[in-house]
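Every number in this text was worked out from the coordinates using simple rules, so none of it is lab data. Here the structure is a predicted model, which is why all the values come from computation and not from measurement. All Cβ positions, even for glycine, are placed from backbone atoms using ideal geometry, and neighbour counts span all protein chains on display.
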Amino acid sequence: MEWFIAFRYLRGKRKIGFISLITYISAGGVFLGTLVLVIALSIANGFEKEVRDRIVGTLAHGKILKYHSRPITGYDSLRKEILAHPHVVGAAPYISGKAGIEHDQVQEGVMVMGIDAELESTVTDLDKAVKYGRFRVDSMESVRGRMLPGILIGIGLADKMGVREGSEVVLIGLAPVEGALDPVPKMARYVVCGIFETGMYEYDLNLVYTSLDAARELFNVRGVEGINVRTTDLFAADRITQSVKEHIGGYPYRASDWKSQNRSLFQWMKLEKLVIFIVISLIIVVAAFSIFSSLIMMILEKRREIGILMGMGATAGSIMKIFILNGTVIGFLGSTCGALAGLFLCYLQHRYQLIGLPGDIYFINKLPVLIRPLDVIAVYLSANVLCFVATSYPAWQASRLLPAESIRYE
């Protein structure tokens, strides 16, 4: 009986058409809030994945270094020892240092990475990011006909400095010299052998790559700074790199992973996602208040009928159930339709790329979406819980009406 009466009240009549209008608006609000939340969270997830993939593709899953920035000598044997770990699939030595780069009187500050190009492809996707030229850092002939050490630069830096494949550039680094209190500037000339595009503006503008030998000579260092590592599980990289450190004997080695290196960025993205959830949830909260007000108005309009039902033997629990069903059905229909519509639109975007992004502004040219079931479930349950809470007080008030007074009410 409660279901029949609840649906009868839900449909409404011409006499209470305004209440029915508020009911439709409430359902529409729940629908819209759920729809927008599912889409917004999926887009946030998509951007997070794109950023993570580009960071990991450029910087590797983790690295092994020595404490106090001491160089690692005998790194070939250490690399083989690291590769013996069951959860490591690639290991490559590197050197890094800050330097200035100059071309035709244009100067910029960069981070120089000395790498072994052959081994680097086992730990990063830098070889796949080369857009012009080749993935090489060995010596080659410049446009001026000179044999020089090779260098890879990002597309942002190349555009800013006006260089192309074969152009000559000068790196100015600070190298420690025996007997000197402070490092002294050291200059070296290089030839651009390739231009890469990672999709991350900061990397494309500030990173340059050269060979291990060229980096050693520029910074006057022995050995290497560390060993980049690729693991079998990206999301377990923190635990695996710590395990690798123990595997090679622990101190004086330390481990670092992509999560710790970019902790601030990913914490900001999680906070942004939380803010999106809270702000857009206000749409559902407003819809829940509409349900609350429509039920209050419906109870006032149906007061005499409620009294008749109670006079015929309907219990307070039955009356309360009628109005709780009324509100929760609105929430259920709105949230279900909203979630399904949101999932469908996300699928269309993922499948057909209906919405693009300007590649010169964003690091990608398509709007990314990634549906996470837990996010959809959280949105769906939140919408239904809010609607249930909004119905509880009006339903309780309806159950407390006195039959005699309600029947006399006009």
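Close amide H contacts of Thr198 (hydrogens built in the peptide plane, cut-off under 5 Å, sequence separation of 5 or more or a different chain): Ile155, Asp204. Compared with the direct C-alpha span, the chain from Met297 to Leu21 gains 98.2 nm at full extension, assuming 0.36 nm per residue. For the stretch 218-285, the fraction of C-alpha pairs more than 18 angstrom apart is 59%.
Distance between the pseudo-spin-label points of Arg222 and Tyr347 (7 Å out from Cα toward the beta carbon): 6.4 nm. Extent along the principal axes, Cα only, for the chain: 104, 47, 39 Å, with the longest axis given first.
Note that the stretch 27-33 has calculated 3J(HN,Hα) couplings of 4, x, x, 5, 4, 5, x Hz, one per residue in order, obtained from phi through the Karplus relation 6.51 cos²θ - 1.76 cosθ + 1.60 (θ = phi - 60°); glycine and proline are x.
Taking the stretch 131-148 and a reference point 7 angstrom along Cα→Cβ of Asp159, the backbone N atoms nearer than 16 Å belong to 131-132.
What does the C-alpha gyration tensor say about the overall shape of the stretch 44-110? Classify as rounded when a/c is under 1.5, otherwise prolate if a/b is larger than b/c, or oblate. Oblate, since a/c reaches 1.5 and b/c is not below a/b. Counting neighbouring Cβ atoms within 10 Å and putting the fewest first, the residues Ile64, Ile291 line up as Ile64, Ile291. Taking amide H atoms as placed 1.01 Å from N in the peptide plane, the amide H of Lys366 lies under 5 Å from those of Leu357, each 5 or more residues away in sequence or on another chain. Computed from backbone phi with θ = phi - 60° and the Karplus coefficients 6.51, -1.76 and 1.60, the 3J(HN,Hα) list for the stretch 107-118 is 10, 9, x, 9, 9, 8, 10, x, 9, 9, 4, 5 Hz; x is used for glycine and proline.
Phi angles of the stretch 372-377 translate, via the Karplus equation with coefficients 6.51, -1.76, 1.60 and θ = phi - 60°, into HN-Hα couplings of 10, x, 5, 5, 5, 4 Hz per residue; Gly and Pro are given as x.
For the stretch 71-251, the Kirkwood hydrodynamic radius comes to 17.2 Å, computed from all pairs of different C-alpha atoms.
Ordered by the number of other Cβ atoms lying within 10 Å of each residue's own Cβ, fewest first, Trp268, Trp396, Trp258 fall into the sequence Trp268, Trp396, Trp258. Close amide H contacts of Gly90 (hydrogens built in the peptide plane, cut-off under 5 Å, sequence separation of 5 or more or a different chain): Arg230. Fully extending the segment from Arg239 to Gln397 would add 51.3 nm, taking 0.36 nm per residue of separation and subtracting the current Cα-Cα distance.
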